[in-house]
Amino acid sequence: MTAPEASIAVTVPRTAAASPSIEATGSKLSWAVKDTLALAKRNLLHYTRVPQLLVFTFIQPIMFVLLFRYVFGGSIAVPGGYVNYLMPGIFGQTVVFGATSTAIGLAEDLGGGIIERFRSLPMVRMSVLAGRTGADVVRNTGVVIVMFIVGFAVGFRPHGGVPRIVLGAALVLAFAFALSWVMALVGLKVANGEAAQAVAFPLMFPLTFASSVFVRVDTMPGWLQGFAAHQPVTVVVNAARGLMLGPEASAQLRAVGTFTTSTTSYVLQSVAWIAAILAIFVPLAVRQFNKS
Amino acid sequence: MVVFNQYLTFLNDLATVDGMSQPPAIEVSGLTKRFGEVQALSGVDLAVEPGTVYGLLGPNGAGKTTTVRVLTTIIRPDAGIARVLGIDVTKDPQRVRQSIGLAGQYAAVDEVLTGRENLELVGQLTHQSRSVVTKRADELLERFGLSHAADRSLKTYSGGMRRRLDLAASLVHRPPVLFLDEPTTGLDPKSRNDLWDMIRELVADGTTLLLTTQYLEEADVLADRIAVIDRGTVIADGTAAELKAQMGATVLEISFVDARGADAALATIASVVPGAETDGAVVRAPVYDGAKTAMEVLRAIDAAGLDVGGLTVREPSLDDVFLTLTGHRAEEIDPRPDDSDVAPAAAPGGAQ
């Protein structure tokens, strides 16, 4: 029978004290950054603890390098040597395939109920998506570095100089970041990880193979060249290729018709693609997240 | 009692004069929500006094989870008002989120992370300083008996441990209002009892708790007030004692060879227990003094020369509440696929 009295005595100070303790630290922007970092760390921990994810992330691209360098590569003629042509393509292919994991990860979070908890917390909501795509940038950076070392081991010798090589890698990573947002939208729209994979794969497969990633676009039939020469994966991979391999190699590739434009133009087109994809898919993904 | 009530009124007036009058900690009126074809909520009203435990009792699909999801700002209602600590959940969800904790039947924790990492993640996402988070995580792991498993991945946790961690995660930022959505559904009796003890400890320090459950026993054990919810509306509301008074403290079940036997015996039994009803070959009667009435019923049956198959005296179940209140059994409708967790029988074992 003492409950009503207790409620008056106890709850007043409690409710009054609750809000300031949380509101005390930081502005909205610093919250957004902190929340994003906390979630990015959580997502990265998954990569270090789930062996299947590690295999998917590192072993698969290494197998592609070995496959194309030693199995198919001998019959693909490219000026400057195939391994130099191949490796920037591998960087592109790896991040395109890897983007699927953004969709799978988000779809699994949604199915598992943890996002339900996130939605009930006073966190900045968008950081669920930013933490996911941010973690994927970190993972992709690691993968590109490892692939660079693997490439060097199988004979990759770029002559673009360190700044241009770094710039080329940065362009690939920025493109990967943009793709993560496309895949975030996919992940938010489907029911589970398997469905995410089923939707992402048919998108990623033609973008990767009907491109300049592994072969010269100018050897494809005319009707395919129209698509392959201008689609974003080709544009970004050729930009990275031109930057990494250097002006001399780029000139050679252009002379035989493999490059249809200058490296500078590829770089500018890449930036345009990245900006356009981000401008469209970031708002779409955020809207879908707030809606679902 | 009159004097006491006057005293209470006096206390409340005093609080109002001081500007300290507390609105209900949770206030819901006319709440509706539709998912496609299914009307999940059709006008839910409830009010939870600060510092009390409120049990929302109902079968799957009654609208319990939907109500909690609206109150925890996860979904927006179609119409109606929902306030937590006086703050409208649709107008200022971010402020509501600062004051609430949510733990549910799905154990919304990260399977790959360790127990400690899970709690620290929630601590960071509620914007507390690192030192506070570290201390709080240790404290909660200790309190929920998870210290020994703190640095193990959740993959190694049992179902009961996972629920405990989920509950701990909802408390990291010390929310004054807590929502527990079927906290013990699917747990074995031992884990359920452990969790009940923990919940009781937790509300002893003044937290307001809204608890949903399918188990009458759970609501009875934990809640100060209970609302029975069916098909998206609250159909009864009161203390456990009040609800039980409505449906009888215990239920007497007398089984016969067949439905005809039961029909024949109904009049005899109803002369002793007016609320008796037949259900197939069983006559069910709500009684207030179990053994004594049971003896009277048996004597009456014996005097009438009827054949009895069996006699059971048991605690009322959610089904009995529903039969009494609505005249129908607790039906299961699924507004959402993930609401379909089918739970084991609600009533504790009946005494023969």
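The values are calculated or read from the model by the stated rules, or taken from the named source; none is laboratory data. A quick note: this is a predicted structure, and the numbers were derived from the prediction, not measured. Cβ atoms come from the backbone with ideal geometry, glycine included; neighbour counts cover every protein chain shown. Calculation scope for accessible area: heavy atoms of the full protein, side chains included, ligands and nucleic acids excluded. Shrake-Rupley method; radii C 1.70, N 1.55, O 1.52, S 1.80 Å.
Consider B:ALA241 carefully, then state whether it is within 14 Å of another protein chain (Cβ to nearest Cβ), aliphatic (A, V, I, L, M) and buried (at least 24 other Cβ atoms within 10 Å of the Cβ).
no
Go through B:ASP279, B:ASP263, B:ASP307, B:ASP320 for me and flag whichever is within 30 Å of B:GLU218 (Cα to Cα) and open to solvent by 50 Å² or more (accessible area, probe 1.4 Å). Spell out how you get there, then give the answer.
Details: B:ASP263 fails: within 30 Å of B:GLU218 (Cα to Cα); B:ASP307 fails: within 30 Å of B:GLU218 (Cα to Cα); B:ASP320 fails: open to solvent by 50 Å² or more (accessible area, probe 1.4 Å).
Answer to the selection: B:ASP279.
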Counting only residues that are at pLDDT below 90 and touching a strand residue (DSSP E or B) at 6+ places or on another chain (Cβ under 6 Å), which one in region B:203-229 is least open to solvent (accessible area, probe 1.4 Å)? B:ALA219
Of all the residues that make up region B:72-109, how many are free of Cβ contacts under 8 Å to residues at least 24 places away in the same chain, facing another protein chain (nearest Cβ under 10 Å) and of a type in the set (S, T, N, Q)? 1
Lone qualifier among B:VAL251, B:VAL273 - being closer than 26 Å to B:ASP220 by Cα, surrounded by 16 or more Cβ atoms within 10 Å (Cβ to Cβ) and in contact (Cβ under 8 Å) with a residue 60 or more places away in the chain: B:VAL251
Condition first: more than 18 Å from the chain's Cα centre (by Cα), of a type in the set (Ser, Thr, Tyr) and within 14 Å of chain B (Cβ to nearest Cβ). Can you find one or more residues in region A:85-100 that meet it? no
If we ask which residues in region B:56-84 are in a strand (DSSP E or B) and either surrounded by 24 or more Cβ atoms within 10 Å (Cβ to Cβ) or polar (S, T, N, Q) (or both), their number turns out to be 4
Tell me which residues, restricted to region B:280-293, are under 12 Å from B:GLU253 (Cα atoms) and under 27 Å from the mean Cα position of the chain (by Cα). B:ARG284, B:ALA285, B:PRO286, B:VAL287, B:GLY290
Would you confirm, using the coordinates I've provided, whether A:ALA228 is within 17 Å of A:GLY89 (Cα to Cα) and within 21 Å of the chain's Cα centre (by Cα)? yes
Tell me the residue from B:ARG164, B:ARG174, B:ARG200 that is within 12 Å of another protein chain (Cβ to nearest Cβ) and open to solvent by 30 Å² or more (accessible area, probe 1.4 Å), please. B:ARG174
Answer residue from region B:177-191, given it is assigned to a helix (DSSP H, G or I) and either touching a residue at least 12 places away in the same chain (Cβ under 8 Å) or not assigned by TED's automatic domain parsing to the domain that holds B:GLY206 (or both) and is surrounded by the fewest Cβ atoms within 10 Å (Cβ to Cβ) among those: B:LYS190
Report, by residue number, each residue of region B:110-147 that is more than 14 Å from B:HIS173 (Cα to Cα), within 12 Å of chain A (Cβ to nearest Cβ), open to solvent by 10 Å² or more (accessible area, probe 1.4 Å) and in a loop (DSSP other than H, G, I, E, B). B:GLU111, B:VAL112
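Yes or no, residue by residue, for (1) within 18 Å of B:ALA169 (Cα to Cα); (2) in contact with a Ser or Thr (Cβ under 9 Å, 6 or more places away or on another chain):
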site	(1), (2)
B:PRO183	yes, yes
B:PRO189	no, no
B:ASP197	yes, no
B:VAL203	yes, yes
B:LEU211	yes, no
B:LEU216	no, yes
B:ALA219	no, yes
B:ARG225	no, yes
Which numbered condition B:ASN60 fails, given (1) within 14 Å of chain A (Cβ to nearest Cβ); (2) of a type in the set (S, T, N, Q); (3) within 17 Å of the chain's Cα centre (by Cα): (1)
B:THR126 vs. criteria within 25 Å of B:GLU49 (Cβ to Cβ), of a type in the set (Ser, Thr, Tyr) and assigned by TED's automatic domain parsing to the domain that holds B:ARG163: no
Which residue is surrounded by the fewest Cβ atoms within 10 Å (Cβ to Cβ), if the candidates are limited to region A:143-155 and must be in contact with a Lys or Arg (Cβ under 9 Å, 6 or more places away or on another chain) and closer than 20 Å to A:THR57 by Cβ? A:VAL154
Going through region B:148-161 one residue at a time, which ones are of a type in the set (A, V, I, L, M) and surrounded by fewer than 19 Cβ atoms within 10 Å (Cβ to Cβ)? B:ALA150
